[in-house]
Amino acid sequence: MKIQTQAVNILETASNALKSGLLKEKPVWYDIILKYPPKHNLIKKPHQPKTNSSDPRNDEIVKNFKIPKDIHKIPKLKFIEDTIRDTFYKHHPWELARPKNLIEINGDEILKKCNWKNMLQLYKPLDGESVVQRTMYLIKNNKNLSIFDAYDLSRMEFYKLRMFEEMQSHISKEESIMNGAIIELNYLKQQMEKENEYLKQWIIQGMKQTKILEASSNKSSQVPVGSIIENDINQTSLFEDLVNLDK
Amino acid sequence: MFKNTKILSRRLSTFSLPVNKSLEGIKATGENFQGLFSNKTINQLWFERGENLSSNLNNLLSQTSILKNDKEYSLQTIISLSMNTPELYQLHKYASNLFNLNFFIESLKQNDANKIEKKNVDALLETPKNSFGNIPTDHDFLDWINYSFGSIEEFRNLLINSGRAINGDGIVWVVAESSMSENYLDKNLPQKVPRFTNLAIVNTYNGGVLNDAERSGQISRMKKLLKEETEEDELELGSVEEAEYNVAYHNKSLIPILSIDVSPRNYLLDYGVFGKQKYLENVWECIDWDVVLRRLPERTTQLITM
């Protein structure tokens, strides 16, 4: 049975159910509704504009309006920030390789604290998102600035700050070494050293094995390794046959 | 290294602070060093500290026997002589600090275009500005800067960034770097003339002196002392760190042409804790390029680098 949307049908539906035995007893409202059946369909229908109708509501609706087919699809959200973000990471792919904190509760608790008057923030490290937010700030506060100029400006600020950051880490290391710091091996280097130990053993063993192999293969001819043996002397060049043919 | 910069010479076994005319004027009138230091700061930095350093140096000199009385020594010679002798550490410290102080202050001129102002905590997050003045006018020098650093903007950025990144006491030097290592020149070229092809920026920390001969191999010497000597293994590859040290300090001849003292004593009084960037920007505006040009060695444009 189709889904019944019309209140008018309720009597018919109930009668059918009684007849077929689906309902064993008459519902309490049956007799009342039989006496005073509903006259109106109470479901509100959306207004469908018709081209020839004189309905005043038509004036407000653009003529030739068609209900789009994908009206039930979730619309794609388009933000200018996303475009800037895409452009930035496309041009700076290695920025994606930097570690990022993914722990957040609402998603905006850090951004809410930030003031994009400056690009550097107390609550978040410098990254591509800083460029995006700073660009948006510049556009909002400078009506004359085009989006490209704003992006370029904040990109340059980003480079400047990144350069300082890199310099700082480099100089700090040098300074502490000059003051006597000894920088411990990191995990990667520790593993490399461990691996090297085993590789060294393997090389020594391999060298021994190679010597044994060479010695046993040369046993029959009784010639020391490296000396020219008979095969080598008799070796002919690839072209020697051709040369002989001519003779 | 300090061959061409004879600034302070020894007379009657004592050194005195060289007379700087503009600074004497400032002391007499009580004015500020326009655009960089207040009167109080320049008094502390130059007169008090300088006199303290030179009197301490003279005291120590009278006690040591490394110097012959009949010979005249320059400050640079004393620095080089005392460099590798631990007993003369104090002497070396005062001599090099005095040299560094003079080298820095000498290359500054007043520039009333910039303000001396205390910065508050907001300066911590500010992005450094791009606009600047006081660009050297000498065409050849500019060309050399462009060759070595790319452009004057990049040069300034690198200079200010490396100065700002020093946490404690320290000095940023702009040096002319010879193309070949001194070790190589000693062996292969008897006449031993270093040729200068490149400008570079070098940091020294805690009143260190600029001498690549001292730096090259310094860390490995230290590490060897700490580590028990083991037989060299042919199969072992060197670490990245070792390679870095070997490449970074080649024992090349370095001639300093400009230095900026970035120790906190220089900016704390006038610019506050957060004012290091502002201080460095002001220093740039106050650099006397004429002095820098005088210190510059002859440039060799050759292609061999090592």
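The values are calculated or read from the model by the stated rules, or taken from the named source; none is laboratory data. Please read these numbers as outputs of a predicted model, since none were measured by experiment. Using ideal geometry, Cβ is built from the backbone for each residue, glycine included, and neighbour counts are taken over all protein chains shown. Just so you know, the surface numbers come from the protein's heavy atoms only, side chains and all, with ligands and any DNA or RNA stripped out. Shrake-Rupley method; radii C 1.70, N 1.55, O 1.52, S 1.80 Å.
So which trypsin sites (Lys or Arg not before Pro) in region B:57-143 are both in a DSSP loop and have at most 15 other Cβ atoms within 10 Å of their Cβ?
The qualifying sites are B:Lys68, B:Lys71, B:Lys115, B:Lys118, B:Lys129.
Where only protein heavy atoms count, and the probe is 1.4 Å, what is the accessible area per residue for region A:99-144 in Å²?
Solvent-accessible surface per residue comes out at 70 Å².
Past the 22 Å Cα-Cα mark, which pairs from A:Lys44/A:Lys66; B:Lys27/B:Lys109; A:Lys173/B:Lys278; A:Lys112/B:Lys129; A:Lys117/A:Lys160?
With Cα atoms farther than 22 Å apart: A:Lys173/B:Lys278; A:Lys112/B:Lys129.
Would you please name the trypsin sites (Lys or Arg not before Pro) within region A:140-190 that are DSSP coil residues with at most 16 other C-beta atoms within 10 Å of their C-beta?
Hits after loop and neighbour filter: A:Lys143.
Taking H placed 1.01 Å from N in the peptide plane, check which residues at least 5 places from B:Gly170 or on another chain put their amide H under 5 Å from its amide H.
Long-range HN contacts for B:Gly170: B:Asn206, B:Gly207, B:Val262, B:Ser263.
Given H placed on each backbone N at 1.01 Å, which residues far from B:Leu108 in sequence or on other chains put an amide H within less than 5 Å of it?
Amide H neighbours of B:Leu108, under 5 Å, 5+ apart: B:Asp288.
Given a Förster distance of 51 Å, report the FRET efficiency between B:Glu24 and A:Glu184 from their Cβ-Cβ distance, rounded to the nearest 0.05.
About 0.50, to the nearest 0.05.
Just the number, please: carbon plus sulfur as a percent of the accessible area of region A:92-211, 1.4 Å probe, no ligands or DNA/RNA counted.
For region A:92-211, the apolar C and S fraction of the accessible surface comes to 58 percent.
Between A:Lys19 and B:Asn167, with labels modelled 7 Å along Cα→Cβ, what's the label distance in nm to one decimal, could you check?
9.3
Tell me the accessible surface of B:Ser38 in square angstrom (1.4 angstrom probe, heavy atoms of protein chains only), to the nearest ten.
Its heavy atoms expose roughly 20 Å² to the probe.
Suppose accessible area is computed on protein heavy atoms with a 1.4 Å probe; arrange B:His139, A:His72 from highest to lowest.
A:His72, B:His139
Relative contact order for region A:60-155: what is it in percent, counting Cα pairs under 8 Å that are at least 6 residues apart?
Result for region A:60-155 is 22 percent.
For region B:78-159, which chymotrypsin sites (Phe, Trp or Tyr not before Pro) pass both filters: DSSP loop (anything but H, G, I, E, B) and at most 16 other C-beta atoms within 10 Å?
Listed in order of number, the matching sites are B:Phe132.
Using only protein heavy atoms and a 1.4 Å probe, how much accessible area in total is buried between A and B, to the nearest 100 Å²?
2600
Is the shape of region A:86-178 rounded, prolate or oblate, going by the alpha carbon gyration tensor and its root eigenvalues a ≥ b ≥ c, with a/c under 1.5 for rounded and a/b larger than b/c for prolate?
prolate
Would you please give the FRET efficiency between A:Ile33 and A:Glu81, computed as 1/(1 + (r/R0)^6) with r the Cβ-Cβ distance and R0 = 60 Å, to the nearest 0.05?
E(calc), rounded to 0.05, equals 0.55.
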